1. Among the numbered criteria (1) outside any loop (DSSP other than H, G, I, E, B); (2) out of contact with any Leu (no Cβ under 7 Å at 6 or more places or on another chain), which one does Lys182 miss?
2. Give the residues of the stretch 61-83 that are in a helix (DSSP H, G or I) and either farther than 18 Å from Ser113 by Cα or modelled with pLDDT under 95 (or both), sorted by residue number.
3. Which condition from (1) out of contact with any Lys or Arg (no Cβ under 7 Å at 6 or more places or on another chain); (2) within 25 Å of Leu66 (Cα to Cα); (3) open to solvent by 30 Å² or more (accessible area, probe 1.4 Å) is the one that Leu151 breaks?
4. Could you tell me whether any residue of the stretch 77-92 is within 18 Å of Gln44 (Cα to Cα), open to solvent by 50 Å² or more (accessible area, probe 1.4 Å) and over 25 Å from the mean Cα position of the chain (by Cα)?
5. Could you please find all residues in the stretch 185-203 being over 14 Å from Lys216 (Cα atoms) and either in a loop (DSSP other than H, G, I, E, B) or open to solvent by 40 Å² or more (accessible area, probe 1.4 Å) (or both)?
6. Pull out all pairs, ordered by first then second residue, where Cβ-Cβ is under 8 Å, the residues are six or more apart or on different chains, the first lies in the stretch 109-132 and is open to solvent by less than 20 Å² (accessible area, probe 1.4 Å), and the second is of a type in the set (Ser, Thr, Tyr) and not in a loop (DSSP other than H, G, I, E, B).
7. So Asn218 passes all but one of these: (1) assigned to a helix (DSSP H, G or I); (2) within 25 Å of Gly118 (Cβ to Cβ); (3) of a type outside the set (Lys, Arg). Which condition number does it fail?
Amino acid sequence: MRVSRVGAQLPIELILLSAEYLMPADLLSLLRAAPGLARVLTFQHTTLQDERGRTILHLLAREGELMELLLANDGIRLDPKDNCGRTPLSYAAEGYEVVVRLLLDRPDIETDSKDNLGRTPLSYAAEGGYEEVVSLLLDRQDVEADSKDNLGRTPLLYAAWRGHKAVVRRLLDRQDIEADSKDNDGLTPISCAAGGGHEAVVRLLLDRPDVEADSKDNLGRTPLLYAAWRGHEAVVRLLLDRQDVEADSKANWGQTPLSFAAGGGYEAVVRLLLDRPDVEADSKDNSGRTPLLYAAWRGHEAVVRLLLDRQDVKVDSKANWDRTPLSCATEGGHEAVVRLLLDRQDVQADSKDNC
């Protein structure tokens with residue numbers, strides 16, 4: 001047998017012998033030039049690893065036609081792991097549906113293999129929003145739909161975090177999914193969706209009776225706090241419309257959603273929170289810092305104006321080490337905010353802190 005697409009006419013035996021010394025990337029180039037070689041590769045060809053521990057099978061996870069040719073060879077081991085513990089199926093799950101189907105058709109494939117991070121192919125497919133791949137994996141009896149990785153994160157949490165509504169819906173349709181599962185940091189799918197501003201996903205989760213809308217993570221942060229922190233107005237509105245959400249909930253260090261929104265300069269979110277009678281506009285965290293101090297510190301003039309218009313905000317309030325909104329704005333070089341504060345009669349212009 002001779003192969004004519006790799007240059008000169010060479011016997012197949014010589015090509016295969018030479019290929020035993022090729023790194024996976026070079027072997028891939030050879031296969032692209034002469035696809036028919038894939039049918040006759042040996043065990044040795046497919047187990048050679050590069051510096052990252054990847055074999056030719058890992059590289060073919062994104063190459064449907066070549067993988068199909070290679071899988072015609074019964075002597076191939078399908079589940080080699082690279083240095084990260086990932087298998088070819090793990091990589092194919094990142095959107096390469098054709099390859100996933102080919103691999104799942106093999107009886108010797110480990111469908112739910114975990115890598116060094118404890119993540120499965122389903123976990124990667126869910127995070128990437130690859131709905132068809134997720135469905136293929138969920139149809140398997142040997143796939144744990146709610147498996148946790150080393151960080152305690154489930155496929156549902158990853159899908160919610162990235163805002164993949166269709167995948168979240170597909171997972172929530174399962175009876176074996178815990179919709180409010182917490183990771184090692186106490187984060188839930190709704191916390192992640194709220195922090196990402198994924199309104200549609202937040203709605204899906206809020207419709208579940210088994211989802212706690214005001215759950216706290218290990219640092220006392222709620223979904224509302226995450227949404228306010230990132231300035232996601234629509235999600236903040238959704239959560240504030242709930243009777244079971246505490247609008248002024250404090251995290252472990254005493255900061256509220258308003259503190260975070262003010263510090264981020266999110267004027268629309270600050271307005272929403274200030275319109276609530278149950279939100280304390282001048283609340284102090286454990287270091288004595290108020291929303292006004294955070295806004296002044298970061299130079300957010302519009303938010304500073306909003307807070308200065310309130311009768312219940314003490315403009316010259318001192319935090320630990322006697323720091324005031326004025327001293328923080330001055331230190332940050334925020335001239336417009338400094339002018340706003342100096343225009344107030346209740347601000348001591350020459351106050352000194354202890355820093």
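1. (1)
2. Keep residues of the stretch 61-83 that are in a helix (DSSP H, G or I), which gives 61-62, 64-71.
Within the stretch 61-83, Arg62, Gly64, Glu65, Leu66, Met67, Glu68, Leu69, Leu70, Leu71 qualify.
3. Condition not satisfied by Leu151: (2).
4. Restricting attention to the stretch 77-92, the residues satisfying the condition of being within 18 Å of Gln44 (Cα to Cα) are 77-82, 87-88.
Cutting the leftovers down to open to solvent by 50 Å² or more (accessible area, probe 1.4 Å) gives us 77, 81.
Checking the rest, the ones that are also over 25 Å from the mean Cα position of the chain (by Cα) come to 77.
Within the stretch 77-92, one or more residues are within 18 Å of Gln44 (Cα to Cα), open to solvent by 50 Å² or more (accessible area, probe 1.4 Å) and over 25 Å from the mean Cα position of the chain (by Cα).
5. Those that are over 14 Å from Lys216 (Cα atoms) and either in a loop (DSSP other than H, G, I, E, B) or open to solvent by 40 Å² or more (accessible area, probe 1.4 Å) (or both): Gly197, His198, Glu199, Ala200, Arg203.
6. Partner pairs satisfying both residue conditions: Ser113/Ser90; Asp115/Ser90; Thr120/Ser90; Pro121/Ser90; Ser123/Tyr158; Ala126/Tyr158.
7. The one condition Asn218 does not meet is (1).
Residue-wise test of (1) surrounded by 17 or more Cβ atoms within 10 Å (Cβ to Cβ); (2) under 22 Å from Ala194 (Cβ atoms); (3) not hydrophobic (A, V, I, L, M, F, W, C).
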site: Lys250; (1), (2), (3): yes, yes, yes
site: Phe260; (1), (2), (3): yes, yes, no
site: Leu307; (1), (2), (3): yes, no, no
site: Val315; (1), (2), (3): yes, no, no
site: Ala329; (1), (2), (3): yes, no, no
site: Val337; (1), (2), (3): yes, no, no
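The values are calculated or read from the model by the stated rules, or taken from the named source; none is laboratory data. On a predicted model such as this, the values are computed, not experimentally measured, just so you know. All Cβ positions, glycine included, derive from the backbone under ideal geometry; neighbour counts span all protein chains shown. Calculation scope for accessible area: heavy atoms of the full protein, side chains included, ligands and nucleic acids excluded. Shrake-Rupley method; radii C 1.70, N 1.55, O 1.52, S 1.80 Å.
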